[in-house]
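Working notes, beginning with the structure itself.
No lab work stands behind these numbers, since they all come straight from the coordinates. Owing to the predicted nature of the structure, the values given are computational and were not obtained by experimental measurement. Neighbour counts run over all protein chains shown; Cβ positions are idealised from the backbone, glycine included.
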Amino acid sequence: MRRKIVAANWKMNGSLELVQKLVPAVRDGVAALDNGLEVVIMPPSIYLGQVRELLSGSSIAVGVQNVAQWQSGAYTGEIAAGMAADAGCQYALVGHSERRQLFDETDELVAGKVARILESGLQAMVCVGETLEERESGDAETVVCRQLEGALKGLSAGDASKVIVAYEPVWAIGTGKTATAEDAQAMHEAIRRKLVELGLPGNAMSVLYGGSVKPDNAAALFAKPDIDGGLIGGASLKAEDFIAICQAGIS
Ligand code: PGA
């Protein structure tokens, strides 16, 4: 079933002080909305315990920004999907463009991580998106479809209910440039077509948009029929902005 989701990706930002201020403010702001929106916070993993404690009794879920492609073992510095589940996470982000670009994550690696995430009972939030160069050369759809196929090929339709796709054009991330709601809608439609081609229930899966989503553009994006919510970076670090975006998610 398609769910409306707004997820916060804090990236490598914040401090204990920020956690203690931001999380209660978001918790109370989201509780006051009292709508069917699913809200997820993905802080740096080291703060998961504190974030969960501050969210106790709240409907807001927590997630990790990355997991290892292995189950366990001598992989210094890595975190397994099973550990994220133990720590109370329900979601794991995978294939974010920063991971693909800065840590050389390939489609194959992303597929391995998706498998570990699903084995651990978590939901995978799989990011796809083209670079500016790829968009300008007319290859945006081809690139996004290749990433989807690489990450999700062979997935069963049952597993697909545990997968959320996040379309994040790389040129829109942290730049203040957003895809127009029309361009984003067109890509979301293409994503659903590709999911169906892969044998997955593309029309029943949630597909989020990410990339410079702010309070002033969220409503237009979320109003599009194939955009089921957002993955929010910079604006998720300000309670007021994040709550305003969550509010836009219901209209
Ligand atoms: P942004 O980041 O909202 O700061 O553009 C989104 C993301 O990278 O998930």
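Kirkwood Rh over alpha-carbon pairs of the range 120-238, then Stokes-Einstein at 20 °C and 1.002 mPa s: what D in µm² s⁻¹, rounded to an integer? Value of D from the Cα-based Kirkwood radius: 149 µm²/s.
Close amide H contacts of Lys4 (hydrogens built in the peptide plane, cut-off under 5 Å, sequence separation of 5 or more or a different chain): Glu38.
Along the chain, counting only chymotrypsin sites (Phe, Trp or Tyr not before Pro) with a DSSP assignment other than H, G, I, E or B and at most 16 other Cβ atoms inside a 10 Å radius, the longest segment between sites is 104-251. Residues Leu109, Leu122 in ascending order of nearby Cβ atoms (within 10 Å, fewest first): Leu109, Leu122. For the chain, averaging the sequence separation of C-alpha pairs within contact (under 8 Å, six or more residues apart) and dividing by the residue count gives a relative contact order of 22 percent. For a straight C-alpha distance cut-off of 13 angstrom, the aspartates and glutamates reachable from Lys4 (same-chain residues fewer than eight places away being disregarded) are Glu38, Asp226, Asp228.
For the range 4-28 and the range 99-119, what is the separation of their Cα centres, given in Å? If we compute the Cα centre of each part, the gap is 25 Å. Go ahead and estimate [θ] at 222 nm for the chain from helices alone: -39,500 (n - 2.57) per DSSP H run with n ≥ 4, summed, over the residue count, rounded to 500. Here the helix-only value at 222 nm equals -12500 deg cm²/dmol.
Subtracting the Cα-Cα distance of Trp70 and Asp86 from 0.36 nm times their residue separation leaves 4.2 nm of extension gain. With a simple spin-label model that places each label point 7 Å from the Cα along the Cα-to-Cβ direction, the separation between Phe103 and Ile46 comes to 1.5 nm. Cross-link reach is defined here as a Cα-Cα straight distance under 22 Å, omitting same-chain residues fewer than 8 places apart; for Lys177 the lysines meeting it are Lys11, Lys214, Lys224, Lys238. Computed from backbone phi with θ = phi - 60° and the Karplus coefficients 6.51, -1.76 and 1.60, the 3J(HN,Hα) list for the range 205-214 is 8, 7, 10, 9, 10, x, x, 6, 6, 9 Hz; x is used for glycine and proline. Kirkwood hydrodynamic radius of the chain, from the reciprocal of the average inverse Cα-Cα distance over all distinct pairs: 17.9 Å. Taking amide H atoms as placed 1.01 Å from N in the peptide plane, the amide H of Ile41 lies under 5 Å from those of Ala8, Ala61, Val62, Gly63, each 5 or more residues away in sequence or on another chain. Note on Asp139, Asp228: ascending count of other Cβ atoms within 10 Å places them as Asp139, Asp228, the fewest first. When Lys and Arg each count +1 and Asp and Glu each count -1, what net charge do the other residues less than 12 Å away from Ser161, Cβ to Cβ, add up to? Counting the neighbours of Ser161, the net charge comes to +2. Close amide H partners of Ala80, meaning residues 5 or more places away or on another chain with modelled amide H under 5 Å apart, are Ala68.
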